[in-house]
Ligand code: F6P
């Protein structure tokens with residue numbers, strides 16, 4: 001049943017924070033208030049939900065927060081929530097807090113959490129209406145062309161690589177730069193191409209460690225000795241590519257020592273730097289548009305869906321609320337995401353093919 005004016009709509013952020021979550025929150029609150037809902041925020045994701053930690057949303061605070069990374073509500077990866085005990089506690093809290101709707105802003109695990117409590121009984125005797133908005137810097141979710149946070153993370157990585165480029169060129173060095181992305185190479189590949197990297201090691205291109213070493217050694221020889229006569233080599237490694245950077249560095253150094261004795265190598269792990277910072281304009285708008293469609297979907301009687309951005313990998317047709325947004329049942333999103341990560345979807349296969357095609361092109 002559709003959310004009614006006066007119904008309490010809770011919003012939570014969950015899993016790894018992503019720049020743009022606050023902008024999504026702000027839009028959910030503003031649109032929800034405009035539609036007559038009693039919008040409340042849940043602190044610290046599902047952990048806070050289990051403890052009944054709800055707070056009023058202050059639109060002024062959210063206006064300020066929308067320009068910032070992180071999440072003003074706090075986030076968590078609750079270990080208790082998925083357990084039988086956690087689920088029972090969640091049902092109790094849905095009744096105790098009087099929420100009729102729940103909007104979850106987060107990644108795959110967060111959507112699985114939303115799915116697990118969709119439809120539980122509410123205090124008014126109805127079923128809990130649930131919606132999801134994808135937010136994860138990894139871009140590892142199906143049924144959305146982009147997740148909130150990806151664009152900002154990509155820009156942060158490109159800026160970091162640009163800086164490393166300067167010092168690498170000054171010293172004629174080779175840098176190995178590791179970037180986040182969990183099991184997905186999207187961030188590493190897109191930022192590597194944008195920043196002019198010479199090689200990108202991603203989990204989607206399945207290679208042995210020896211093959212990866214061989215590839216990097218070839219790239220280095222070609223770069224410093226070939227016609228291009230480069231003064232730097234930048235190798236981007238996705239977090240999920242199974243190769244130990246220290247071992248890779250040592251092996252590569254040993255292989256180039258004779259012909260290129262003056263070429264030093266260094267490692268930079270960007271780590272959580274990639275997840276912070278002010279959201280790009282695109283991520284702010286993406287958050288706003290996805291939340292807007294999600295809240296309107298709940299008001300129209302849709303439930304158990306994720307609002308995704310139309311484009312590669314996202315099914316159509318668009319929702320009437322926004323020509324770029326599609327609402328997909330969360331169980332379908334979870335299933336398609338598992339297939340994406342196993343390399344079984346058309347998008348995953350396209351990515352694998354393109355990643356292989358790109359390899360020799362950027363190594364020139
Ligand atoms: O899913 C987002 C992400 O930043 C991944 O890229 C990374 O593998 C993971 O979260 C890190 O998680 P944590 O902040 O819990 O160390």
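Numbers for the structure displayed
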| read-out | value |
| --- | --- |
| Residue check for residue 63: within 16 Å of the ligand (Cβ to nearest atom), more than 19 Å from residue 130 (Cβ to Cβ), outside any strand (DSSP E or B) and out of contact with any strand residue (DSSP E or B) (no Cβ under 7 Å at 6 or more places or on another chain) | no |
| Test: residue in region 159-174 that is within 16 Å of the ligand (Cβ to nearest atom), part of a helix (DSSP H, G or I), surrounded by 17 or more Cβ atoms within 10 Å (Cβ to Cβ) and not assigned by TED's automatic domain parsing to the domain that holds residue 33 | yes |
| Region 7-30, residues that are more than 14 Å from residue 49 (Cα to Cα) and within 13 Å of the chain's Cα centre (by Cα) | 16, 17, 18, 19, 20, 21 |
| Positions within region 307-326 being assigned to a strand (DSSP E or B) and touching a residue at least 60 places away in the same chain (Cβ under 8 Å), in sequence order | 307, 308, 309, 326 |
| Residues located in region 333-354, provided they are over 18 Å from the mean Cα position of the chain (by Cα), closer than 23 Å to residue 317 by Cα and surrounded by 14 or more Cβ atoms within 10 Å (Cβ to Cβ) | 345 |
| Flag if residue 301 is over 22 Å from residue 103 (Cβ atoms), outside the structural domain of residue 168 (by TED's automatic domain parsing) and outside any helix (DSSP H, G or I) | no |
| Given (1) under 22 Å from residue 279 (Cβ atoms); (2) under 24 Å from the mean Cα position of the chain (by Cα); (3) touching a residue at least 40 places away in the same chain (Cβ under 8 Å); (4) surrounded by 24 or more Cβ atoms within 10 Å (Cβ to Cβ), index of the condition residue 41 fails | (3) |
| Filter result for residue 101 (closer than 19 Å to residue 16 by Cα, crowded, with 24+ Cβ neighbours inside 10 Å and in the same structural domain as residue 288 (by TED's automatic domain parsing)) | no |
| Where a residue in region 10-26 is farther than 15 Å from residue 102 by Cα and without any contact (Cβ under 8 Å) to a residue 60 or more places away in the chain and its partner, wherever it lies, is within 16 Å of the ligand (Cβ to nearest atom) and assigned to a helix (DSSP H, G or I), with Cβ under 9 Å and at least six apart | none |
| Candidate set: region 32-60, residues that are under 26 Å from residue 115 (Cβ atoms) and in a helix (DSSP H, G or I); chosen: the one farthest from the ligand (Cβ to nearest atom) | 32 |
| Inter-residue pairs, beta-carbon under 7 Å, first under 13 Å from residue 177 (Cα atoms) and in region 239-265, second within 16 Å of the ligand (Cβ to nearest atom) and outside any loop (DSSP other than H, G, I, E, B), 6+ apart | 239/178; 239/179; 241/201; 243/201; 243/237; 245/178; 245/237 |
| Meets criteria (modelled with pLDDT under 95 and either in the same structural domain as residue 213 (by TED's automatic domain parsing) or within 16 Å of the ligand (Cβ to nearest atom) (or both)) for residue 279 | no |
| Counted residues, region 115-146 - those being more than 16 Å from the ligand (Cβ to nearest atom) and either farther than 19 Å from residue 341 by Cβ or not assigned by TED's automatic domain parsing to the domain that holds residue 48 (or both) | 16 |
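The values are calculated or read from the model by the stated rules, or taken from the named source; none is laboratory data. None of the values given here were measured: they were computed from a predicted structure. Counting neighbours? That spans all protein chains shown, and the Cβs are built from the backbone with ideal geometry, glycine included.
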